[in-house]
Structure formats: C-alpha cells, structure tokens
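**Q** Provided herewith is a single structure, encoded as structure tokens, for subsequent inquiry.
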Amino acid sequence: MAASLAAEQKSAEVTDWAARIGWLVGLVLFVALVYWLMREGWKWRGTLQGDLPELPTAPDDPGPARLGMSGRYHGSTTAGQWLDRIVAHGLGTRSRVELTLTDAGLDVVRPGATDFFVPAEALREARLDKGIAGKVLTEGGLLVVTWAHGDRLIDSGFRSDRAAEHGEWVDTLNNMISKSNDTEGAR
C-alpha cells in the first residue's frame with residue numbers, strides 16, 4: 001500500500017514559464033504605457049502654456065553681485081498654486097543652479113537646462129516655504145521667489161546647498177523689492 005501511494009504522488013510543476021513570461025511582458029508593456037502617457041501629459045502642459053513669453057536673459061553687465069548661492073532648482077509654478085507646475089521654456093526641469101542677485105535682478109544659471117534672468121522690476125516677493133510641485137521639504141526648507149513674467153505671476157523654488165543662507169536671501173530680496181516699490185511710488 002505504501003508503494004502504491006508513493007507511486008501516485010507526483011511533485012508539482014515548479015514553474016509554468018509560458019505564464020510567467022506572459023505576465024512579465026504584460027507588466028513591462030503596462031509600465032511603458034504609463035510612462036508614455038506621463039510624457040504626453042508633460043508635452044500637453046507645455047503646449048497649453050505656449051502663451052508664456054520667452055525667458056529673459058541676463059544683461060551683459062548686471063553689476064556687482066549682492067548674493068550668490070549654489071543649490072537646486074526645483075521648478076516653477078503659478079504663484080499661489082504650489083501644484084500647478086509650469087513646464088514651458090524649460091521651467092519645469094529640475095536641475096543644479098547657481099543664483100546671483102545683482103541690482104539688475106536675479107540670474108539663474110542651470111547647467112544642463114535653460115538659464116533665465118528675472119529683472120529687478122519683475123521681482124515681487126521672496127519667502128521660505130515647505131514645498132513646490134514635486135518637492136516637499138520641512139517647513140522653511142525651500143526659498144520661493146515670486147516674479148512677474150508676461151501677464152503671469154510665477155513662484156520659483158530653490159534650495160541652497162547650505163539652507164542657513166535662505167533667511168539672508170529672503171531679507172535681501174524683500175528689502176530690494178520694497179526699495180524698488182518706494183522709488184516707483186515717489187515718481
């Protein structure tokens with residue numbers, strides 16, 4: 001009886017390779033579809049923001065630097081709407097950044113991405129915040145600069161390699177903006 005019981009027992013098949021390969025191919029195709037849809041959405045957002053004017057470039061002689069900072073550029077959004085990312089003209093591309101503040105404005109140099117310049121008269125506000133589209137940090141971990149471009153107000157988020165610099169940047173930018181507003185009001 002024991003011999004007949006042992007003869008009836010079979011080991012289960014270890015792997016059904018055809019089913020496994022089918023699932024794997026299906027998963028790869030699904031992931032590829034999701035990435036393709038994300039890319040198309042990014043391109044569509046850029047098309048919708050096509051009315052945004054070209055970004056200004058730095059003047060030949062912007063003057064002496066007031067402040068300088070190395071860090072990361074985390075993106076730009078519509079002012080006050082921290083999830084409404086702006087992707088037109090490369091503003092949605094995260095990158096390393098070298099910021100330089102002069103009397104002429106804010107020079108944003110981004111290796112591997114489009115550089116741009118924010119003229120002093122376009123600067124509206126600087127503040128510390130905790131997030132911008134795609135990046136959330138601790139409270140006050142992000143330097144957000146609000147500026148006007150065309151008929152839009154834009155928030156751009158930066159994080160210094162040395163976060164202790166953020167307070168000085170906020171104070172200097174806001175003092176520069178208030179002095180600019182005072183001289184415009186005196187005219």
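The values are calculated or read from the model by the stated rules, or taken from the named source; none is laboratory data. As the structure is a prediction and not an experimental result, all values here were calculated from the model. Please note: Cβ atoms are built from the backbone with ideal geometry, for glycine as well, and neighbour counts cover all protein chains shown. Quick note on the areas: whole protein, heavy atoms, side chains included, nothing else; ligands and nucleic acids left out. Shrake-Rupley method; radii C 1.70, N 1.55, O 1.52, S 1.80 Å.
**Q** May I ask you to list the residues in segment 27-73 that are open to solvent by less than 50 Å² (accessible area, probe 1.4 Å), within 25 Å of L137 (Cα to Cα) and out of contact with any Phe, Trp or Tyr (no Cβ under 7 Å at 6 or more places or on another chain)?
**A** Residues satisfying the conditions are G68, S70.
Yes/no matrix, rows are residues, columns are (1) charged (D, E, K, R); (2) farther than 20 Å from G131 by Cβ; (3) touching an Asp or Glu at 6+ places or on another chain (Cβ under 8 Å):
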position	(1), (2), (3)
P62	no, yes, yes
L83	no, no, no
A88	no, yes, no
S95	no, no, no
A113	no, yes, no
P119	no, yes, no
